[in-house]
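Enquirer: Questions regarding the structure given below will be posed in turn.
The values are calculated or read from the model by the stated rules, or taken from the named source; none is laboratory data. Quick caveat, the model's predicted, so the values are computed rather than measured. Here Cβ is always computed from backbone atoms with ideal geometry, including for glycine, and neighbour counts include all displayed protein chains.
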């Protein structure tokens, strides 16, 4: 199966400022293949402290090709945190329920990962927001292409909609009977896209106002075209292609929205059958699903193989660990080193993988630097120099972790945009800030007019980071910086970010790396620009990044990396040291390779796996 990338070379592009809206994810490019794919085990290469580099943790080999012929049947049992789920993805972020039932125009290509040992291994499907076009495949759209006309200041996106896809039919469900299993059409696409950009309260309407003017029309029996201003083109490609699930128009016209889970009807591999808030989600196999197994010994088989996928609400870690140990759930993820070490010692045959971050975000303390003492860069540099990053990594995480570089964490797929700490081009004066040098920190504070230090505070979201920042507090106290904690609940914390009312330090997680074209933590007045950065050099770079992205996303990433050389010297944030997170699973999950998300919040890696019930029984479960 070949994948055709339809890049349109744009001629005559003139200098142009492309300013993306605050929450826009990274651009999407043309792709054409029929059958998609899921994620693969993450193996981050991460920068280490200068002079004492932390060696890359070797990836455990956990994805040898699955033995035997894929079998149908079985129930996959997974854990979720037990919180209430929302089902109208037009005004909430994607979740486990929606992604299993309702599909997007393009999604991630599973075969680009490990794919049970049969994939190419080009990408690590181990984090949540991979939005790069090189790793996408056609789902409800067979292909997408775009062009730009600088003279008209206009961009055009064209989707060719896949034929032969039908809405799932569940005779027991009234909403499903309303759709009557009819074929998915170009008109369904137009309905969903217009609903999202024109209806107040919808997610894209709220977060991407620049897309409200898009003209969406049917330009052929199976073709949808979108015209929009050139400065919104890349945002539109991303939002429309892989951030917008398709809902049944007839159901929405009757019920007004998709808030009731009983109305959830889609074209995806599973049918939603039951939901007990806080307790369980049950999905059953869609017998008329259109996709086939794209690779391996089951190539050509209709998928999914599983009869049922069940999510069990387990809000606490100890109960989740017990359920995994006893085979009541088949996979457990986002574990810290201590829990991973426990499972390794048990030696029960678990398979495992790890990731630096499930989302390739950076965890930082943003510094509001428009007023003293933080307006003096020497103060910000002193704050960095008085932190023993290497000591924290070794003592808190036994060396198994990373220093998060601002503004994003490392991911292999986005390596071209990432300026690693050990990169020869990393500015030496910025690299030095990761060296523990309290004496130089004191000297810089003295030069800045604070010979005795100063008092400040940091806003924390709950108590989860108190232990970590207590370490920072003790280190800063040695150079005279007295730190106090301002602990807020989630609601109050969000309000502070949204209203931009922070005045000193605030610890938060940046946008996903997939949103590097927007880089809302560096530009704009949105919540994610927690350091309140307003820098003309950065804005100029970002204009160039987005102009290049129209025709060459790889060139855009290279420009972004060049900009990072300037950004890291400004010390607008204090990066955190974070330990790796770990995923463990039982070997009876055949074709599973540690995937987390196949593409941009696409969680249906389970459509490709099969359940080895005989192996599970032979292992005593």
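Enquirer: Being part of a loop (DSSP other than H, G, I, E, B), over 32 Å from the mean Cα position of the chain (by Cα) and free of Cβ contacts under 8 Å to residues at least 40 places away in the same chain is the filter here; which residues of segment 458-492 pass it? Full working, then the answer.
Expert: Residues of segment 458-492 that are part of a loop (DSSP other than H, G, I, E, B), as a first pass: 462-465, 478-480, 489.
In the following step, the residues that additionally are over 32 Å from the mean Cα position of the chain (by Cα) were identified as 478-480.
Correct list: 480 only.
Enquirer: Further question on the same structure: How about segment 558-606: which of its residues are under 30 Å from residue 460 (Cβ atoms) and part of a loop (DSSP other than H, G, I, E, B)? Walk me through how you get there before you give the answer.
Expert: Start the filter on segment 558-606 by keeping residues that are under 30 Å from residue 460 (Cβ atoms), which leaves 560, 563-564, 566-584, 596-597, 600-601, 603.
Answer for segment 558-606, where residues must be under 30 Å from residue 460 (Cβ atoms) and part of a loop (DSSP other than H, G, I, E, B): 568, 569, 570, 571, 572, 576, 580, 596, 597, 601, 603.
Enquirer: For segment 81-99, state whether one or more residues are touching a residue at least 40 places away in the same chain (Cβ under 8 Å), in a strand (DSSP E or B), within 22 Å of the chain's Cα centre (by Cα) and surrounded by fewer than 22 Cβ atoms within 10 Å (Cβ to Cβ).
Expert: No: zero hits.
Enquirer: Out of segment 493-504, which residues are assigned to a loop (DSSP other than H, G, I, E, B) and loosely packed, with under 12 Cβ neighbours inside 10 Å?
Expert: Initial filter on segment 493-504 (assigned to a loop (DSSP other than H, G, I, E, B)): 500-504.
Scanning segment 493-504 gives a single hit, 501.
Enquirer: Please state which one of 541, 608, 603, 508 is touching a helix residue (DSSP H, G or I) at 6+ places or on another chain (Cβ under 6 Å), surrounded by 20 or more Cβ atoms within 10 Å (Cβ to Cβ), outside the structural domain of residue 135 (by TED's automatic domain parsing) and on the phi < 0 side of the Ramachandran plot.
Expert: Values: 608 fails: outside the structural domain of residue 135 (by TED's automatic domain parsing); 603 fails: outside the structural domain of residue 135 (by TED's automatic domain parsing); 508 fails: touching a helix residue (DSSP H, G or I) at 6+ places or on another chain (Cβ under 6 Å).
Of 541, 608, 603, 508, the one residue that is touching a helix residue (DSSP H, G or I) at 6+ places or on another chain (Cβ under 6 Å), surrounded by 20 or more Cβ atoms within 10 Å (Cβ to Cβ), outside the structural domain of residue 135 (by TED's automatic domain parsing) and on the phi < 0 side of the Ramachandran plot is 541.
Enquirer: Read through the list (1) in contact with a helix residue (DSSP H, G or I) (Cβ under 7 Å, 6 or more places away or on another chain); (2) crowded, with 17+ Cβ neighbours inside 10 Å; (3) in a loop (DSSP other than H, G, I, E, B), then give the number of the only condition that residue 410 fails.
Expert: All conditions pass for residue 410, except number (1).
Enquirer: Sticking with this structure for a sec: With respect to residue 345, is the statement that it is without any contact (Cβ under 8 Å) to a residue 40 or more places away in the chain, out of contact with any helix residue (DSSP H, G or I) (no Cβ under 9 Å at 6 or more places or on another chain) and closer than 16 Å to residue 478 by Cβ true? Outline the logic, then answer.
Expert: Numbers: without any contact (Cβ under 8 Å) to a residue 40 or more places away in the chain: yes; out of contact with any helix residue (DSSP H, G or I) (no Cβ under 9 Å at 6 or more places or on another chain): yes; closer than 16 Å to residue 478 by Cβ: no.
No; evaluated as a whole, the condition is false for this residue.
Enquirer: Here's another thing I want to ask about it. Can you name the number of the only condition in (1) in contact with a helix residue (DSSP H, G or I) (Cβ under 7 Å, 6 or more places away or on another chain); (2) over 30 Å from residue 388 (Cβ atoms); (3) modelled with pLDDT under 95 that residue 582 fails?
Expert: (2)
Enquirer: Here's another thing I want to ask about it. Taking the condition surrounded by 21 or more Cβ atoms within 10 Å (Cβ to Cβ) and in a loop (DSSP other than H, G, I, E, B), does residue 287 pass? Spell out how you get there, then give the answer.
Expert: On the way: surrounded by 21 or more Cβ atoms within 10 Å (Cβ to Cβ): no; in a loop (DSSP other than H, G, I, E, B): yes.
Here the answer is no, as residue 287 does not meet what is asked.
Enquirer: Here's another thing I want to ask about it. Examine segment 195-210 for a residue that is outside any loop (DSSP other than H, G, I, E, B), touching a helix residue (DSSP H, G or I) at 6+ places or on another chain (Cβ under 9 Å), modelled with pLDDT of 95 or more and buried (at least 23 other Cβ atoms within 10 Å of the Cβ), and state whether such a residue exists.
Expert: Taking every residue of segment 195-210 in turn, none turns out to be outside any loop (DSSP other than H, G, I, E, B), touching a helix residue (DSSP H, G or I) at 6+ places or on another chain (Cβ under 9 Å), modelled with pLDDT of 95 or more and buried (at least 23 other Cβ atoms within 10 Å of the Cβ).
The rows are residues; the columns are (1) in a loop (DSSP other than H, G, I, E, B); (2) assigned by TED's automatic domain parsing to the domain that holds residue 82; (3) over 28 Å from residue 74 (Cα atoms); (4) touching a residue at least 60 places away in the same chain (Cβ under 8 Å).
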site	(1), (2), (3), (4)
234	no, yes, yes, yes
244	yes, yes, yes, yes
274	no, yes, no, no
282	no, yes, no, no
296	yes, yes, no, yes
311	no, yes, no, yes
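Enquirer: What number goes with the only condition from (1) more than 19 Å from residue 362 (Cα to Cα); (2) at pLDDT below 95 that residue 397 does not pass?
Expert: The number of the failed condition is (1).
Enquirer: Give me the residue from segment 130-151 that is in a loop (DSSP other than H, G, I, E, B) and modelled with pLDDT of 95 or more and, out of that set, nearest to the chain's Cα centre (by Cα).
Expert: The first filter runs over segment 130-151 and keeps only residues in a loop (DSSP other than H, G, I, E, B), leaving 130-132, 139-140, 150-151.
Those left that are additionally modelled with pLDDT of 95 or more: 139-140.
Details: 139: 19, 140: 21 Å.
Result: 139.
Residues checked against (1) at pLDDT below 95; (2) surrounded by fewer than 17 Cβ atoms within 10 Å (Cβ to Cβ); (3) touching a helix residue (DSSP H, G or I) at 6+ places or on another chain (Cβ under 6 Å):
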{"site": "220", "(1), (2), (3)": "no, yes, no"}
{"site": "227", "(1), (2), (3)": "no, no, no"}
{"site": "239", "(1), (2), (3)": "yes, no, yes"}
{"site": "252", "(1), (2), (3)": "no, no, no"}
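Enquirer: For segment 338-349, check the following and say yes or no: at least one residue is over 20 Å from the mean Cα position of the chain (by Cα), on the phi > 0 side of the Ramachandran plot and not in a helix (DSSP H, G or I).
Expert: First, pick out the residues of segment 338-349 that are over 20 Å from the mean Cα position of the chain (by Cα): 338-349.
In the following step, the residues that additionally are on the phi > 0 side of the Ramachandran plot were identified as 347, 349.
Going one step further and asking which of them are not in a helix (DSSP H, G or I), we end up with 347, 349.
Yes, there is a match, as at least one residue in segment 338-349 is over 20 Å from the mean Cα position of the chain (by Cα), on the phi > 0 side of the Ramachandran plot and not in a helix (DSSP H, G or I).
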